[in-house]
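J.: One structure, pasted below without further comment.
What follows is calculated from the coordinates using simple rules that are stated; it is not laboratory data. What you are looking at is a predicted structure, and each value in this text was computed from that prediction instead of being measured. Quick reminder, even Gly has a Cβ in these numbers, built from the backbone with ideal geometry, and neighbours come from all protein chains shown.
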Amino acid sequence: MTYEPWTEARGAEIIAEHAAIEGATLVILHALQEAFGYVPEPAIPMVASALNLSRAEVYGVFTFYHDFRKEPAGKHVLKLCRAEACQAAGGEALAARAEAKLGIACGNTTADRRVTLEPIYCLGLCATAPSAMLDGRLVGRLDRDRLDALIAEAQA
Amino acid sequence: MSLRIFVPRDAGAIAVGADEVAHALEQAAAGRGLAIDIVRTGSRGLYWLEPMVELATADGRVAFGPVTAADAASLLDAMLGSGNHPLRLGPADEIPWLKRQTRLTFANCGVIDPRSLDDYRAHGGYRGLERALTLGPAAVVAEVTASGLRGRGGAGFPTGIKWKTVADTAADRKYIVCNADEGDSGTFADRMLIEGDPFLLIEGMTIAALAVGADKGYVYIRSEYPHAVAALNAAIAAARRAGYLGARVGGSSHAFDIEVRVGAGAYVCGEETSLLESLEGRRGIVRAKPPLPAHKGLFGKPTVINNMLSFAAIPFILAEGAKTYADFGMGRSRGTMPIQLAGNIRHGGLFETAFGITLGELVDDVGGGTFTGRPVRAVQVGGPLGAYFPRALFDTPFDYEAFAARDGLIGHGGIVVFDDTVDMARQARFAFAFCAIESCGKCTPCRIGSTRGAETIDKILNGERVANHLALVEDLCNTMKLGSLCALGGFTPYPVLSALKHFPEDFKPQQLQAAE
């Protein structure tokens, strides 16, 4: 996935776009991450100032939610569902396989920055478990072959 | 006349190739110089048959599935010819798994085009709102109360009473909030319905707004559901264009509009007060109650916060009458429940039925046992905070009180099936560990207890003073149950204690297990 490079001017523009709505913090953080692929640190005091909040409050929101990234993810993000329905369908063995193939533990990015492997707690595809998401594309009924194909695609 | 073919756009169907099937059908048709009309519907919820493709015929819709892109050409030939094909399932409405359900809330899911307001209206949409407008607010609240509808998020609180509290509270502004933060593993009913029949939710929320005098609504959807977010935003825009949202709802003097807000991966935000905090732009920290959200909710104003399935039940109740809805069910659990069969199950999907069906019927009969073919050993009902049930309790009827009597809960209606390879000590440990990751941190029993719980289970499995540590886990669970602020810490003991009670053999120290 491609993102824009961070600039203060672009950041300010995105913040201004949403600053007037009720309870805007999450909406702004989402918008920043959508544009830049992560929430750049210099944006935090800018959000605080725009919403008349303290920096600590905005930083607190930013760190509370699993979605928001401190730094860019790898070129591809492979999310594997690790919740109960996928556990019941053999998801844990597939997660271990993915970790072994990529040589990283879940929650990390490969050294070449190509693939970020992340756990996700439920994609809501529990009747076609186990499931995965590669860069926003959903894959159900995951098995070894499908997983290997996803990993190969991400590494290519 | 061109062929009219229905292919789901439901995320669960897309995950197993529905987009590829739609594309392949278009290609195959183009290759034959044939005009076809592909309608992207929601899913009917028979996920082992997805992608399930349907063809409109003079005798109703005929289903085929599970279809792959490679089947497109032969399927199209069959559709043009005799209709016979190895994947033919027969008339869609006659598929036994579908026919034995009682679809009140999900009646149109998988049937209509979720992007078309006209299709929604043609299938009885907005009749509930029309009746609500003629009844007036007080009578609408009375109707919802009489239906016996209880909150479908899991707590089972009577919806009508909640609405009456908000209606009776004077304020300059009131809010309607829909909880679509469906984080429980094994549940997907919210996702499926928003993707398959989003106008139903909009209508339900609009009726609530009329009943309590609110003019603004929010739907909080989890970020893991991008397809649902897109479907709902499209439907809201269509409802605005048609005057069903905006300054004069359905031509009346009421103003109401809805905005979608997206979560950010915090499980605890499914708890209603945490969700309100998150909507206000803060960390999803649970609020102490009282005050109830009905008195001081979003931005301190009286707020109806209901589960998505509760709102979705409302249009039927208003259109068909409270009694029609209440005639279904058992005891104090009235109406129908969209039950979700998931995990290691042969026939997984959405099964809407009246309360009272037993767990065993659902798992063995409807679900067909495991897809691995191995014996069912345990089922977890009600998400990560629900109890594990052994086969010995499969006679439990699906009912709020019956499950509570057996130290369980029905939650949001998800059932996750495990075969005999499951390690219940590992599942109990996961319950604690998940709670530790997702705890908002406000109350000590949840914040500290979850971490200590996982550590203590590790000690048991390592054979360290097993009897003492087992007693400690039980004691810890009681503290969490009684001392936590919300259901995250308060209900994490359900999976742990049920695993200990029903599957004690899995908690033997690992050295002993290995020796056996």
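J.: Shape verdict for region A:76-155, please, from the Cα gyration tensor: rounded (a/c under 1.5), prolate (a/b greater than b/c) or oblate.
T.: Prolate, since a/c reaches 1.5 and a/b exceeds b/c.
J.: Follow-up. If you average the C-alpha positions of region B:198-214 and of region B:71-131 separately, how far apart do those two centres end up, in angstrom?
T.: 26
J.: If I take R0 = 41 Å and measure r between the Cβ atoms of A:Arg144 and B:Ala288 in this structure, what FRET efficiency does the formula 1/(1 + (r/R0)^6) give, to the nearest 0.05?
T.: Once the sixth-power term is evaluated, E becomes 0.30.
J.: Between A:Asn108 and B:Arg391, what is the label-point separation in nm under the 7 Å Cα-to-beta-carbon projection?
T.: Simple spin-label model gives 4.2 nm for this pair.
J.: Something else: Taking a threshold of 27 Å on the Cα-Cα distance, which of the pairs B:Lys216/B:Lys442; B:Lys459/B:Lys481; B:Lys174/B:Lys289; B:Lys162/B:Lys323; A:Lys70/B:Lys459 fall above it?
T.: Working: B:Lys216/B:Lys442 29 Å; B:Lys459/B:Lys481 22 Å; B:Lys174/B:Lys289 19 Å; B:Lys162/B:Lys323 19 Å; A:Lys70/B:Lys459 35 Å.
The answer is B:Lys216/B:Lys442; A:Lys70/B:Lys459.
J.: Rounded, prolate or oblate, given the Cα gyration tensor of region B:3-99, with a/c below 1.5 counting as rounded?
T.: oblate
J.: Any idea how far apart B:Asp172 and B:Phe299 come out in nm if each label point goes 7 Å out from Cα toward Cβ?
T.: Output for this residue pair reads 1.1 nm.
J.: Let me ask another. Among B:98-104, B:161-167, how do they line up from the highest to the lowest mean number of other beta-carbon atoms within 10 Å?
T.: Numbers: B:98-104: 17.7, B:161-167: 21.1.
Answer by packing, highest mean first, reads B:161-167, B:98-104.
J.: Something else now. Determine the sum of side-chain charges near B:Ala235: Lys and Arg each +1, Asp and Glu each -1, restricted to other residues whose C-beta is under 15 angstrom from that of B:Ala235.
T.: -3
J.: Can you tell me the length gained on complete extension of the stretch B:Asn468 to B:Arg4, counting 0.36 nm per residue apart and subtracting the Cα distance?
T.: 160.4 nm is the gain from fully extending B:Asn468 to B:Arg4.
J.: How many partner chain Cβ atoms sit within 10 Å of a residue's Cβ in peptide A:24-35, on average, as a whole number?
T.: The shielding value for this peptide is 3.
J.: Still on this structure: Please list the non-local residues whose amide H lies under 5 Å from the amide H of B:Asp257, H modeled 1.01 Å from N, same-chain partners needing a gap of 5 or more.
T.: Correct list: B:Lys216, B:Gly217, B:Gly246.
J.: Right, something else. Taking the dipole about the Cα centre of region B:338-476, with the C-beta of Lys and Arg at +1 and of Asp and Glu at -1, give me whichever of B:Tyr400, B:Thr370, B:Leu461 is farthest to the positive side.
T.: With unit charges placed on the Cβ atoms, the residue in question is B:Leu461.
J.: Just tell me which aspartates and glutamates come within less than 19 Å, Cα to Cα, of B:Lys301; anything on the same chain fewer than 8 places away is out.
T.: Excluding near neighbours in sequence, the set is A:Glu22, B:Asp168, B:Asp172, B:Asp215, B:Asp257, B:Glu259, B:Glu271, B:Glu272, B:Glu277, B:Glu280.
J.: How long is the gain from B:Glu361 to B:Leu482 if the chain were fully straight, where each residue apart is worth 0.36 nm and the alpha carbon distance is subtracted?
T.: 40.2 nm
J.: A further question follows. Find how many whole Å separate the alpha carbon centroid of region B:461-492 from the alpha carbon centroid of region B:399-454.
T.: Region B:399-454 and region B:461-492 have Cα centres spaced 11 Å from each other.
J.: Show me B:105-113, B:23-31, A:106-114, B:171-179 ranked by packing, highest mean number of other Cβ atoms within 10 Å first. Display every interim value, and only then the final one.
T.: Working: B:105-113: 24.0, B:23-31: 16.8, A:106-114: 13.8, B:171-179: 21.9.
Final packing ranking: B:105-113, B:171-179, B:23-31, A:106-114.
J.: When you look at the Cβ of every residue in A:74-86, what mean number of other chain Cβ atoms sits within 10 Å?
T.: Details: counts 0, 0, 0, 0, 0, 1, 0, 2, 3, 12, 18, 19, 6.
Shielding by partners across A:74-86 averages 5.
J.: Highest mean first, what order results for B:387-397, B:447-457 on Cβ atoms within 10 Å?
T.: Values: B:387-397: 18.3, B:447-457: 20.2.
Packing order, densest peptide first, comes out as B:447-457, B:387-397.
J.: How far is the Cα center of region A:32-95 from the Cα center of region B:272-341, in Å?
T.: 28
J.: Taking 0.36 nm per intervening residue step and subtracting the Cα-Cα distance, what contour gain separates A:Asn52 from A:Ala20 on full extension?
T.: Between A:Asn52 and A:Ala20, full extension yields 10.4 nm more.
J.: Just counting partner chain Cβ atoms within 10 Å, what average do the residues of peptide B:437-447 show around their Cβ?
T.: 1
J.: Still on this structure, I have one more. I need two numbers for chain B: Rg to one decimal and Dmax as a whole number, Cα atoms only, in Å.
T.: Expressed in Å, the Cα Rg and Dmax of chain B come to 23.7, 77.
J.: Estimate the FRET efficiency between A:Arg97 and B:Ala70 by the formula 1/(1 + (r/R0)^6), using the beta-carbon distance for r and 35 Å for R0, to the nearest 0.05.
T.: Calculated transfer efficiency: 0.85.
J.: What is the P(r) of region B:329-419, as percent of Cα-Cα pairs per 10 Å bin from 0?
T.: Histogramming region B:329-419 at 10 Å steps yields 19, 57, 22, 1 percent.
J.: Compute the Cα gyration tensor for the protein assembly as shown, then decide on rounded, prolate or oblate, letting a ≥ b ≥ c be the square roots of its eigenvalues: rounded whenever a/c is under 1.5, prolate when a/b is larger than b/c in the other cases, and oblate in all that remain.
T.: Details: a/c = 1.18, a/b = 1.07, b/c = 1.10.
Taking the square roots of the gyration eigenvalues as a ≥ b ≥ c, the protein assembly as shown is rounded.
J.: Suppose every K and R has +1 on its Cβ and every D and E has -1 on its Cβ; what is the size of the dipole of region B:117-326 about the Cα centre, in Debye to the nearest 20? Please report the intermediate quantities before stating the final value.
T.: Numbers: 23 positive and 22 negative charges, 111 e Å.
It works out to roughly 540 debye.
J.: Here's something else I'd like to know. Can you figure out the FRET efficiency of B:Leu34 with B:Thr421, using R₀ = 60 Å and their beta-carbon distance, to the nearest 0.05?
T.: The pair B:Leu34/B:Thr421 has a calculated efficiency of 0.80.
J.: Only Lys, Arg, Asp and Glu count, each charged at its Cβ (+1, +1, -1, -1), so figure out the dipole size of the protein assembly as shown about its Cα centre, rounded to 20 debye. Can you show the working numbers first?
T.: On the way: 66 positive and 76 negative charges, 211 e Å.
Result for the protein assembly as shown is approximately 1020 debye, rounded to the nearest 20.
J.: A further question on this structure: Considering the options A:Cys106, A:Val77, A:Val61, tell which one lies farthest towards the positive end of the dipole of region A:49-122, charges being +1 on Lys and Arg and -1 on Asp and Glu at the Cβ, about the Cα centre.
T.: Checked the options; the winner is A:Val77.
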